Amino acid sequence: MLALAIVAEVVATSSMKLSSGFTRFWPSLATVFGYAISLYLLSQILKTLEVGIVYAIWSGVGLASVALIGVIWFGETVTVIKLAGLFAILVGVVLLNLAAKAS
């Protein structure tokens, strides 16, 4: 369910870029529905899992995915600083998961 929430969020964020400030109907609709689906799924996941862990995974994987989509489909630049930031987020998500398993 968390993976689906992440996919919905990534689709929504990518669609927002394509919506041109909500001036294009279909990408705007995909943005609204993508976020609605993602948040609904998150609300269901949070019934049983810790909010810190769920949010870290959702936002971290979503951020890395959107950054990759930005480079591949939108022609955004890749810099050492951007890669270091993404790596730091990945390390943070891993550490939070390890902390949750240890407690």
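Only one residue in 28, 65, 43, 20 is surrounded by 15 or more Cβ atoms within 10 Å (Cβ to Cβ) and modelled with pLDDT of 95 or more. Which one?
Only one candidate passes the filter, namely 28.
Output the residues belonging to the range 9-49 that are of a type in the set (D, E, K, R) and either touching a His at 6+ places or on another chain (Cβ under 9 Å) or more than 16 Å from residue 62 (Cα to Cα) (or both).
Within the range 9-49, 24, 47 qualify.
Just one of (1) assigned to a loop (DSSP other than H, G, I, E, B); (2) over 21 Å from residue 100 (Cα atoms) trips up residue 84, so point out which.
Going through the list (1) assigned to a loop (DSSP other than H, G, I, E, B); (2) over 21 Å from residue 100 (Cα atoms), residue 84 breaks only (1).
Just give me the residues in the range 1-12 being assigned to a helix (DSSP H, G or I) and touching a helix residue (DSSP H, G or I) at 6+ places or on another chain (Cβ under 6 Å), in sequence order.
Matches in the range 1-12: 2, 4, 5, 6, 8, 9, 10, 11, 12.
Residues to consider are 43, 15, 38, 28; find the one that is in a helix (DSSP H, G or I) and without any contact (Cβ under 8 Å) to a residue 12 or more places away in the chain.
Only one candidate passes the filter, namely 43.
Within the range 1-52, which residues are farther than 18 Å from residue 69 by Cβ and basic (Lys, Arg)?
47
The values are calculated or read from the model by the stated rules, or taken from the named source; none is laboratory data. In this text, all values refer to a predicted model and were calculated from it rather than measured experimentally. Virtual Cβ from ideal backbone geometry, glycine too; neighbours counted across all protein chains shown.
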